[in-house]
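Structure first, then comments.
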Amino acid sequence: MSDYKLLIDGALVDGASTMEVINPATEEVLAICPRGSEAQLDAAIAAAKAAYPGWAMVALSQRRDLILKLADAISAKRFELARLLTQEQGKPLPEAEAEITFAEAFIRQLVVHELPVRVLEDSESRRVELHRRPLGVVGAIIPWNFPVWLTLFKLPLALLAGNTIVLKPAPTTPLTTLRLGEMMAGIFPAGVVNIVTDQNDLGERLTTHPDVAKISFTGSTETGRKVMASAAGTIKRVTLELGGNDAALVLPDVDPAKVAPAIFDAAFVNAGQVCIAIKRVYAHSAIYDSLCRELARLAEEVVVDDGLKQGVRMGPLQNRAQYEKVKDFLASGHADGTIIAGGVVEDRPGYFIRPTIVRDISDGARLVDEEQFGPILPIIRYDDPDEALARANNSPMGLGGSIWSSDREKARDLAKRMESGTVWINKHLDLDAAIPFSGAKQSGLGMELAEEGFHEFTQVHVINEAR
Ligand code: NAD
């Protein structure tokens, strides 16, 4: 029996079975969690399908009011939610509090959108109107790095547009989402929001199900490929927010001591488990040694421990599989470069790896070419910015990137040529609910947030009337 419940058709219910959720800081069982079955997923999809016509008929302003009640409910329980998030996800408590705060703020910012009818032509011969209709049942699939925030990239816009939703959190971080489910059970009509957990075994059923109209997926590129293939059978709409290997291109005109803290934070927040973290730094020869020194100094200062303890800057990796993967990347760092900070796995319970800086490493090394999704940062030396940009662009990924320079013209010129969904100048990792977010190349398909993201939860519907 679990203290947590799935949300299916307005009812908070036990799972068909249970599963353990592990606290990554202790490797102890944090909670017994309900595990959904195929039959429960089918029931959730059926409930969402049944609720859809009624929900789509509710006025958008009324849908907005209900969604805002969720923001209020989150606000009222923010500290409780943040504590649980730290325990299941691993991030330090201040970062968990920030995630909850951002999530709530994103709800409020996202629900401002409207769906006005656009008159494309109103002439003697015809009147042509562009309407946007909801799609039906949306399947939302969430990864484990920002379980709450990423859920609330999707849910407010999907519901505001008039869709109903079946939400599937990641197997290792379902608990905070299930607490949101308890709140939503008291807010939305039955079937409008459903939450079903799994052990990585229900994704395929959700993405192939004929009654699901759209999949909004955030996760790895590898799984994203499977989602796209599964969706093909019924031509589902898909939005895919996938992996990244963001490069920071640091020009010779910066002051290394000044830029290092911002680069460091953008690489190591959430123990580097951020899709748009800086994952490789290209630093010009003129500032290479001093930037490496600064970053190594910052890494040595970081207090790594259980995120619930005061003063902790970095928690553990989120789960054992990721911990093992990052340890392999550490081996690549040792083999292909020089480790100047961190580099050792602490002999203690919990999935802890100290922030690690690797220099004298170049393209072709696994740690540079692939997404490490952990606290290990490679610093690559270059002499010619154009050539460095070409190396940064020579990647199947294209999520984010950044240019660091005191020469704004030069920075803007390089930014325009960087192949990524977002390029920042003299910063990295600046997300806003009013700015569309998308990945280039194999980092994604479609958009989230802003009006562009809202429109992805709708179908264009043209009404063309003869005069
Ligand atoms: P993952 O792909 O392993 O899992 C993501 C989700 O997909 C989980 O809920 C999982 O249960 C589910 N899933 C597994 N198999 C499935 C299948 N066959 N069909 C449908 N769903 C399935 O990713 P992860 O390891 O949880 O997350 C880390 C990855 O996510 C990194 O690559 C990171 O860059 C990426 N990410 C991207 C963004 C973005 O916005 N672009 C944001 C956060 C994370």
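The values are calculated or read from the model by the stated rules, or taken from the named source; none is laboratory data. Everything numeric in this text was worked out from a predicted model, so none of it was measured. Quick reminder, even Gly has a Cβ in these numbers, built from the backbone with ideal geometry, and neighbours come from all protein chains shown.
Of the set (1) in a strand (DSSP E or B); (2) under 20 Å from Ala43 (Cβ atoms); (3) away from the ligand (no atom under 15 Å from the Cβ), all apply to Leu130 but (2). With respect to the conditions (1) assigned by TED's automatic domain parsing to the domain that holds Pro143; (2) under 21 Å from Gly421 (Cβ atoms), Lys236 falls short on a single one, namely (2). May I ask you to verify whether Ala266 is more than 9 Å from the ligand (Cβ to nearest atom), buried (at least 19 other Cβ atoms within 10 Å of the Cβ) and more than 30 Å from Ser75 (Cα to Cα)? Judged against the criteria, Ala266 is not a match.
Within the range 329-343, the set of residues being surrounded by fewer than 20 Cβ atoms within 10 Å (Cβ to Cβ) and closer than 12 Å to Ile353 by Cα comprises just one member, Gly343.
Between Ala260, Ala229, the distinction of being away from the ligand (no atom under 14 Å from the Cβ) and over 18 Å from the mean Cα position of the chain (by Cα) belongs to Ala260 only. The set of residues from the range 186-216 being among the small types (Gly, Ala, Ser) and either under 22 Å from Phe457 (Cβ atoms) or within 15 Å of the ligand (Cβ to nearest atom) (or both) comprises Ala190, Gly191, Gly203, Ala213, Ser216. Scanning the range 133-192 for residues that are in a loop (DSSP other than H, G, I, E, B) and either of a type in the set (Phe, Trp, Tyr) or farther than 27 Å from Glu20 by Cα (or both) returns Leu135, Gly136, Trp144, Phe146, Ala161, Gly162, Asn163, Ile187, Phe188, Pro189, Ala190, Val192. Just so you know, in the range 1-36 the residues that are among the charged types (D, E, K, R) and out of contact with any Leu (no Cβ under 6 Å at 6 or more places or on another chain) include one that is modelled with the lowest pLDDT, and it is Asp3. Restricting attention to the range 392-403, the residues that are farther than 20 Å from Lys427 by Cα and surrounded by fewer than 22 Cβ atoms within 10 Å (Cβ to Cβ) add up to 2.
Contact annotation: residue pairs with Cβ atoms under 7 Å, 6 or more positions apart or on different chains, pairing a residue in the range 47-66 that is surrounded by 13 or more Cβ atoms within 10 Å (Cβ to Cβ) with a partner that is assigned to a loop (DSSP other than H, G, I, E, B) and acidic (Asp, Glu), are Ala47/Asp9; Lys49/Asp211; Leu60/Glu114. Just give me the residues in the range 308-358 being over 26 Å from Val21 (Cα atoms) and either assigned by TED's automatic domain parsing to the domain that holds Pro171 or among the hydroxyl-bearing types (Ser, Thr, Tyr) (or both), in sequence order. Once the filter is applied, which keeps residues that are over 26 Å from Val21 (Cα atoms) and either assigned by TED's automatic domain parsing to the domain that holds Pro171 or among the hydroxyl-bearing types (Ser, Thr, Tyr) (or both), the range 308-358 yields Ser332, Thr338, Thr356. Return the residues of the range 427-449 that are buried (at least 19 other Cβ atoms within 10 Å of the Cβ) and away from the ligand (no atom under 14 Å from the Cβ); say none if nothing qualifies. If the condition is that a residue be buried (at least 19 other Cβ atoms within 10 Å of the Cβ) and away from the ligand (no atom under 14 Å from the Cβ), then His428 is the only one that fits. When the range 271-287 is filtered for residues that are touching a helix residue (DSSP H, G or I) at 6+ places or on another chain (Cβ under 9 Å) and more than 16 Å from the ligand (Cβ to nearest atom), the ones remaining, listed by number, are Val281, Tyr282, Ala283, His284, Ile287.
Would a scan of the range 170-180 turn up a residue that is more than 15 Å from the ligand (Cβ to nearest atom) and either over 21 Å from Ser61 (Cα atoms) or surrounded by fewer than 18 Cβ atoms within 10 Å (Cβ to Cβ) (or both)? Looking through the range 170-180, at least one residue is more than 15 Å from the ligand (Cβ to nearest atom) and either over 21 Å from Ser61 (Cα atoms) or surrounded by fewer than 18 Cβ atoms within 10 Å (Cβ to Cβ) (or both).
When Ala286, Ala267 are checked against the criterion of being under 30 Å from Ile100 (Cα atoms) and in contact (Cβ under 8 Å) with a residue 24 or more places away in the chain, Ala267 stands alone in meeting it. The residues on offer are Glu409, Glu452, Glu419, Glu387, and the sole one that is in the same structural domain as Arg108 (by TED's automatic domain parsing) and either within 16 Å of the ligand (Cβ to nearest atom) or surrounded by fewer than 21 Cβ atoms within 10 Å (Cβ to Cβ) (or both) is Glu452. Listed by first and then second residue, the pairs with beta-carbon distance under 7 Å, at least 6 apart or on different chains, first residue in the range 344-362 and in contact (Cβ under 8 Å) with a residue 60 or more places away in the chain, second of a type in the set (Phe, Trp, Tyr), are Tyr351/Tyr323; Pro355/Phe268. Restricting attention to the range 226-278, the residues that are in contact with a Phe, Trp or Tyr (Cβ under 7 Å, 6 or more places away or on another chain) and among the small types (Gly, Ala, Ser) total 3.
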